[in-house]
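Read through the structure below, which is laid out as structure tokens, and then see the notes.
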Amino acid sequence: MNGRAGGRADSRTVKTTQLPLLQSDRPAVRLSVLDERLRGTKFVSLEPKSVLNSPQQTGVDFWSLNPYIGCEFGCTYCYARYAHRYTVERAHDAGKLSDEELLEFRGPHGWEAFERRIFVKEHLLDALEADLQRYFRSAGPTVGPSAPIVIGTATDPYQPAERRFRLTRGILERLARCEGLNIGIITKSPLIARDTDVLRRLQERSDLEVHISLNTVDVPLIRQVEARSPMPAVRLRALKRLADSGIRVGLIVAPVLPGITDDVPHLEALFQAAREAGARFVHAGPLRLYPAVRDCFLPILDERFPHLAARYRRAYQGRSGVPRAYARALATRIKRLQARFGFPVNDGMANRYGRRRAPAQRELGL
């Protein structure tokens, strides 16, 4: 199955394989393979006791919720490869995975299994119910009930598996029964438009902001770094459909790829497309190269963008983020484009989940 609509013909159901527990998600039962694609992707059952991660757990200022671990889109730069590898390695260190199983679930270099071994958090609504009680009991200026809940921070909640498992749909239906929440959703997939009805119900009682992820409208270029993601035009049509339905929706340009998608023509085309589709905002941030991501992405540069490979290695040497000078220059460029195309001007990615409702032409130098 690819990132576009359809693609069901390459799947078959397998329900007999039993796998050890992954301690990191504290499942209550043993795991089994729920489905398998002909190209080798397996969807593995996981029944977690908790699915809502607090700011204290993650070190960010919002709560996060990810119905899957891993993503079939398999974008080369995706920072969530790091989270997938961490989950698997921690299970191995705890003795829950053998050395052979570690290789299967981690990959030879620590990143290959991200789009090939995807964990499906089955029956997560019971866990969410308990987590919401914890969420509403929490207190303090950064972790209280007014803190945002962001869905899709380490996976795409509308990746192709969602057509079958409908975990994200179930989450939204539960959250739509709450009052005064602040919800963010991040996805590359047009499948989100399937849930326009529940998104509208959710928005009637809570703050909602949908972020359609797209970093270029250049199709040949996007296929260099996102082999299985939905096409740009399809994502923009989904954005327009949501906007026309009254949903607060915009673009999240993350990551901006230095020397590849950070020039003015690329960004102008994105901002223009976002405005034409009815986006309410555009947020943007530069590429971060965590260890598992670096091992995947740098060989792609060597093969497809060899003129940039040495620059990237110098710029990211000893760090996961871009140099400060580059970050400042990119932020300035983004603010100018936000103002020019009539979008709210903000400080990079920091304020992208802000509450609106009261509680209840040249390359940038790398």
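Determine whether residue 221 is surrounded by fewer than 19 Cβ atoms within 10 Å (Cβ to Cβ) and either aliphatic (A, V, I, L, M) or not in a helix (DSSP H, G or I) (or both).
In short, yes.
Go through (1) crowded, with 21+ Cβ neighbours inside 10 Å; (2) of a type in the set (S, T, N, Q); (3) assigned to a loop (DSSP other than H, G, I, E, B) one by one and return the number of the condition residue 153 breaks.
Failing condition for residue 153: (1).
I'd like to check which helices (runs of 4 or more DSSP H) are fully inside the range 45-108 and have at least 1 residues that are out of contact with any His (no Cβ under 7 Å at 6 or more places or on another chain) and of a type in the set (Val, Ile, Thr).
55-58, 80-93
Name every residue in the range 266-296 that is open to solvent by less than 70 Å² (accessible area, probe 1.4 Å), at pLDDT 95 or above and either of a type in the set (D, E, K, R) or out of contact with any strand residue (DSSP E or B) (no Cβ under 7 Å at 6 or more places or on another chain) (or both), in order of residue number.
Selection gives 266, 267, 268, 269, 272, 273, 277, 278.
Regarding the range 339-351, can at least one residue be identified that is closer than 19 Å to residue 289 by Cα, modelled with pLDDT under 95 and open to solvent by 40 Å² or more (accessible area, probe 1.4 Å)?
Among the residues of the range 339-351, at least one is closer than 19 Å to residue 289 by Cα, modelled with pLDDT under 95 and open to solvent by 40 Å² or more (accessible area, probe 1.4 Å), which makes the answer yes.
Here's the yes/no breakdown for (1) part of a helix (DSSP H, G or I); (2) modelled with pLDDT under 95; (3) surrounded by fewer than 16 Cβ atoms within 10 Å (Cβ to Cβ):
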| site | (1), (2), (3) |
| --- | --- |
| 146 | no, yes, no |
| 169 | yes, no, no |
| 179 | no, yes, yes |
| 183 | no, no, no |
| 197 | yes, no, yes |
| 200 | yes, no, yes |
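What pairs come up if the first residue lies in the range 161-178 and is closer than 17 Å to residue 48 by Cβ, the second is part of a loop (DSSP other than H, G, I, E, B), and their beta carbons are under 7 Å apart, counting only those six or more places apart or on different chains?
161/72; 167/67; 168/67; 168/157; 168/158; 171/67
Being assigned to a helix (DSSP H, G or I), at pLDDT 85 or above and surrounded by 22 or more Cβ atoms within 10 Å (Cβ to Cβ) is the requirement here; does residue 114 meet it?
So residue 114 fits the description; yes.
Regarding residue 112, is this residue touching a strand residue (DSSP E or B) at 6+ places or on another chain (Cβ under 9 Å) and of a type in the set (Asp, Glu)?
For residue 112, the condition - touching a strand residue (DSSP E or B) at 6+ places or on another chain (Cβ under 9 Å) and of a type in the set (Asp, Glu) - is not met.
Using the structure shown, decide if residue 54 is crowded, with 17+ Cβ neighbours inside 10 Å, over 23 Å from residue 321 (Cβ atoms), at pLDDT 80 or above and among the small types (Gly, Ala, Ser).
Spelling it out, residue 54 is indeed crowded, with 17+ Cβ neighbours inside 10 Å, over 23 Å from residue 321 (Cβ atoms), at pLDDT 80 or above and among the small types (Gly, Ala, Ser).
Tell me, yes or no, whether the range 15-23 has at least one residue that is touching a strand residue (DSSP E or B) at 6+ places or on another chain (Cβ under 9 Å), surrounded by 17 or more Cβ atoms within 10 Å (Cβ to Cβ), at pLDDT 85 or above and not in a loop (DSSP other than H, G, I, E, B).
Taking every residue of the range 15-23 in turn, none turns out to be touching a strand residue (DSSP E or B) at 6+ places or on another chain (Cβ under 9 Å), surrounded by 17 or more Cβ atoms within 10 Å (Cβ to Cβ), at pLDDT 85 or above and not in a loop (DSSP other than H, G, I, E, B).
Determine, yes or no, whether residue 206 is in contact with a strand residue (DSSP E or B) (Cβ under 8 Å, 6 or more places away or on another chain) and either over 26 Å from residue 79 (Cα atoms) or open to solvent by 10 Å² or more (accessible area, probe 1.4 Å) (or both).
Judged against the criteria, residue 206 is a match.
Looking at the range 84-106, can you tell me whether even one residue there is under 25 Å from residue 230 (Cβ atoms), surrounded by fewer than 22 Cβ atoms within 10 Å (Cβ to Cβ) and either at pLDDT 85 or above or not hydrophobic (A, V, I, L, M, F, W, C) (or both)?
no
The values are calculated or read from the model by the stated rules, or taken from the named source; none is laboratory data. None of these values were measured; they are calculated from a predicted model. Virtual Cβ from ideal backbone geometry, glycine too; neighbours counted across all protein chains shown. The area values use the complete protein model at the heavy-atom level, side chains included, leaving out ligands, DNA and RNA. Shrake-Rupley method; radii C 1.70, N 1.55, O 1.52, S 1.80 Å.
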